[in-house]
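Taking it in order: structure first as structure tokens, then the write-up.
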Amino acid sequence: MRIARFTDGSDPMFGIVQEKDGVDMVYGLAGDPLFTEITPNGVIRPLEDVRLLSPVIPRSKVVCVGKNYAQHAKEMGGEAPEQPLLFMKPNTAVIGPMEPMFIPTYSSEVSLEAELAVVIKQMAKNVDASAAAGVVFGYTCGNDFTARDSQREEDQWFRAKAFDTSCALGPWIETDLDPSALAIGSEVNGEAQQDGTTADMIHPVADIIAEVSRVTTLLPGDVILTGTPARVDQVADGDRVTVRIQGIGELTTPISSAATL
């Protein structure tokens, strides 16, 4: 099931995206499906007539895993760490499909990172990897935009990773998906950039959930970004970056150098 968050000009709402007679439609829901039963509210719109929003706004946090693909760790100039390398983004970093990512004024080198994003459905602490699937609501595409120059200059990654608009999510949450071997990639202005598979993750999704929950309590709506394949590259003002993940879809983000951030 594909769970979207959208607006048709009225207040944002959640909906189920389904095909009907060859056309993708969105069927509005009453309430947030993370906290209420899935109940139609009577709103039915063609998908092309609505604006998709980030499918979830984490109430608490976005937890990210760095260097979780060996080739990406190598291109970053080092070996992958033995245990998952964890950092966080605030929920103010989150944007949805077609929302611009604003290059921060303190950076001249922002790069893309296509990632599988995990959406948590219930409070979880010290979850065993064998039970990790039970705390997952679903999966979506993520782009962990990174101020690479700031990342090189500082031991802490707050400026590099936490800036506003640095976490694109969408287009929707796919609730029925095996994350173990999905094609994942990105393109910039229609030209292929990254091309990988989640099968190459050093730490698979279940192990990541277990480790994160050992460190911090996961709450409904929290998001975990699981790392990026190799061939990350710099983006520039006017670019359009698209992340594609098998079984989910694609997430496009326009890039802007607007000096307001």
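No lab work stands behind these numbers, since they all come straight from the coordinates. Predicted model only: the values in this text are computed from it and were never measured. Cβ atoms come from the backbone with ideal geometry, glycine included; neighbour counts cover every protein chain shown.
From Cα pairs below 8 angstrom and at least 6 apart in sequence, can you work out the relative contact order of the chain, rounded to a whole percent?
25
From zero up to wherever the largest Cα-Cα distance of segment 18-139 sits, split into 5 Å bins and tell me the percent of pairs in each.
Going from the shortest bin to the longest, the percentages are 2, 7, 11, 17, 17, 16, 12, 9, 6, 2, 0.
Specify the inter-centroid distance of segment 97-161 and segment 54-72, based on alpha-carbon positions, in whole Å.
One Cα centre to the other: 3 Å.
May I ask you to list the lysines whose Cα is less than 24 Å away from that of LYS74, ignoring any residue fewer than eight positions away on the same chain?
Of all the lysines, those that pass the test against LYS74 - Cα under 24 Å, at least 8 places apart if same chain - are LYS89, LYS161.
Quickly work out the TYR106-to-ARG159 label distance, labels modelled 7 Å from Cα along the C-beta direction, and quote it in nm with one decimal.
Here the answer is 0.4 nm between the modelled labels.
When only Cα pairs under 8 Å and 6 or more residues apart are kept, what is the percent relative contact order across segment 66-184?
So the answer I get is 30 percent.
In the chain, what percentage of the DSSP-assigned beta bridges are antiparallel, given to the nearest 5?
The answer is about 90 percent antiparallel.
Determine the gain in length on full extension of the stretch GLU82-ILE38; use 0.36 nm per residue of separation and subtract their C-alpha separation, reporting nm with one decimal.
Full extension from GLU82 to ILE38 adds 11.8 nm.
Taking 0.36 nm per residue of sequence separation and subtracting the Cα-Cα distance, how much length would be gained by fully extending the chain between SER256 and SER10, in nm to one decimal?
85.9 nm
Evaluate the relative contact order of segment 139-261 (contact order divided by residue number), counting alpha-carbon pairs under 8 angstrom at least 6 apart; express in whole percent.
29
Of (1) 67, 46, 28; (2) 52, 41, 39; (3) 53, 44, 30, which is the value of Cα extents along the principal axes in Å derived from the coordinates here?
(3)
How are the C-alpha pair distances of segment 1-90 spread across 10 Å bins, as whole percents from the shortest bin up?
Bins of 10 Å from zero give 15, 33, 19, 20, 13, 0 percent of pairs.
What are the lysines whose alpha-carbon lies under 16 Å from the alpha-carbon of LYS125, with same-chain residues fewer than 8 places away excluded?
Straight-line reach from LYS125, under 16 Å: LYS61.
With +1 on each Lys and Arg Cβ and -1 on each Asp and Glu Cβ, and nothing else charged, work out how big the dipole of segment 1-153 is about its Cα centre, in Debye to the nearest 20.
380
Just from its helices, what would the mean residue ellipticity at 222 nm be for the chain, if runs of 4 or more DSSP H residues each count -39500 (n - 2.57) and the sum is divided by every residue, rounded to the nearest 500 deg cm²/dmol?
On the way: 4 runs with 27 residues, N = 261.
Calculated from helices alone, the mean residue ellipticity at 222 nm is -2500 deg cm²/dmol.
Pop a pseudo-label 7 angstrom from the Cα along the beta-carbon direction at both ASP239 and ALA30 and give the gap in nm to one decimal.
With each label placed 7 Å out from Cα toward Cβ, I get 4.6 nm.
Say each of ASP21 and ALA181 gets a label point 7 Å from the Cα, pointing the same way as Cα to Cβ; how far apart are those two points in nm?
4.0
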